[in-house]
Amino acid sequence: MSDLPRRISGLVLLLVALALPLVMSDFWLQTGLFVMATAIGAVGLTLLVGVAGQLSLGHAAFAAIGAYVFAWSTGESTTSVSGLGLPPVLGLVLAAVVSAGVGAAFSPIAGRLRGIYLGLATLGLVFVVRHLLVNLDQWTGGFVGRSVEPFAVLGFSFSNRDPDYLAIAGVEFSGLHRLWYLFLLLAVVAIWLASNLRAGRTGRAWANVRDSETAAAAMGIGVAGAKRSAFVVSSAYAGVAGAMLALAYGRVAPDVFSLTASVDFLVMIVLGGLGSVAGAVVGAVFVTSLPLVLAQYSSALPFLAAPGSGGLDPPPPPGSSTGWRSSPSWCSSAAGWPVPPAGSVPACAPPPPSASRPSPNHPGRRRPPDEAPPPRRRHAVRRRPGAGGVQHHRPVVVLR
C-alpha cells in the first residue's frame, strides 16, 4: 500500500506530460526535449554515484560517444563526412551498446579505484574523447560537427515531413511535438528500468559495495563485478541521453559535451539527492531549464542583463533617467510610493551633483586658479633634550 500514492502521482504526472504539447509554445517544447534527454543521463549517473558509490566526472564523454555514434550510423556518406545510413532505431541501440562497451573497457580501472582517484581518472576521458572528436573529422565533422538525420519509424518521421502536416484536436503536430512523445516514451522506460534495478538484487549489491567493500566481499558479492556492471549501465544511459540530445539539437559538435556538461550532470544528482531516481529527474529539470528560461525572459525580469552582454549593461548617458533605479515604476514598486507625475524627478532618483560635491582636500578635486593651495608637509629636525648633536629625524607637520 505504501507504493500506491507514489504510483498515483507518477500516473498523474504522465497524463500531464501527455497533454502539455497541446498548449505549449515551441520554446517550451524545445526546453522539454533537453530536460528529458538530460534526465536520462542524470538517472544513469545517480545509479553509478548515488547507488554504487563510484564517482564519475566523465559522464559527458559517454554522452558524446552515444551522440556521434547515432549521427554516424544513421547519416549518409557525403564528400565531407561518412555514414552508414542505418535505421534510426538501430542507430539508437547502437549508441547505447557502443557507450556501454567503452564503459566496460574502462571498468577494470573503475574496479581498482574509488573516490576522488576514480573521479580524476574519468575526468581524463572528457579530454581524450574531445581530442578524438576534433581530429577524426571524417567521422565526426571536426570542430564544426555534423548534422543529424531525423528519427523515423516505419516511414513515420518525427520531423516536419512524412507526413508534412499532422493535426490532432485542432493542434498541428510539428517536429517538436512528435519528438516530445518519443522522448517521453524513452524517459519513462529509462526511469522504470532504473527503479527496478535500484530496488532489485543488482541495486542491493551496488549499495553493499558502496557502504563497505570488505563487508560486501564477505557476503559473497563480487566487488569488481558489481563496479563493472554499474559503470556499464551508467555508460549505456549516457549514450542514450547523448543520442537524444543530438536529435534535440539537430546537430552535434564537440563543444556540447565539454567538462561543463559533466559538472552539470553531477549537480543534477546532487540537487535531487544521491541515489534517488526521481530526484535525478527533478535536478535535471532545474539545472537544464533554468538557464534557458532566464535567457529567454531576461528582458522581462529585473536584475538580469540581456544575453550576450556579459552581465554588464552600458551606463546611461549623463543627465538621463533611463537607469533602473531612476525609473518611476521601480521607485513605486520598491518603496511602495505612488508614481510621481510625468516630468518630475522620481523620489528615489540620485542626488543632484551639488549634494555629492567632494571636500576641498579631496585628491581628485580640481582646484580653481585663484584658490590657495592646501598646507604642505615639511621635515623638521627635533633634538633630544640633553643630547649633543642630531639624534633622530622624525617627519612632523608644520603649517604655514
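Observations
Matching residues to (1) in contact with a Lys or Arg (Cβ under 6 Å, 6 or more places away or on another chain); (2) hydrophobic (A, V, I, L, M, F, W, C); (3) touching a residue at least 24 places away in the same chain (Cβ under 8 Å):
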residue: 15; (1), (2), (3): no, yes, no
residue: 56; (1), (2), (3): no, no, yes
residue: 59; (1), (2), (3): no, no, yes
residue: 67; (1), (2), (3): no, yes, yes
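- Failed item in (1) under 17 Å from residue 48 (Cα atoms); (2) surrounded by fewer than 20 Cβ atoms within 10 Å (Cβ to Cβ), with residue 255 passing the rest: (1)
- The stretch 157-172: number of residues that are surrounded by 12 or more Cβ atoms within 10 Å (Cβ to Cβ) and either modelled with pLDDT of 70 or more or among the basic types (Lys, Arg) (or both): 3
- Among all residues of the stretch 64-76, there is at least one that is surrounded by fewer than 18 Cβ atoms within 10 Å (Cβ to Cβ), at pLDDT below 90, farther than 28 Å from residue 201 by Cβ and out of contact with any Asp or Glu (no Cβ under 7 Å at 6 or more places or on another chain).
- The criterion of at least 3 residues that are under 27 Å from residue 148 (Cβ atoms) is met, among helices (runs of 4 or more DSSP H) falling completely within the stretch 198-302, by 223-249, 259-272, 277-296.
- Checked against the criterion of being in contact (Cβ under 8 Å) with a residue 60 or more places away in the chain and closer than 14 Å to residue 43 by Cβ, the candidates 235, 262, 258 yield just one match: 235.
- Tally, over the stretch 237-252, of residues that are in contact with a helix residue (DSSP H, G or I) (Cβ under 8 Å, 6 or more places away or on another chain) and surrounded by fewer than 24 Cβ atoms within 10 Å (Cβ to Cβ): 2
The values are calculated or read from the model by the stated rules, or taken from the named source; none is laboratory data. These numbers come from a predicted model, not from an experiment. FYI the Cβ positions are ideal-geometry reconstructions off the backbone, even for glycines, and counts take in every protein chain you see.
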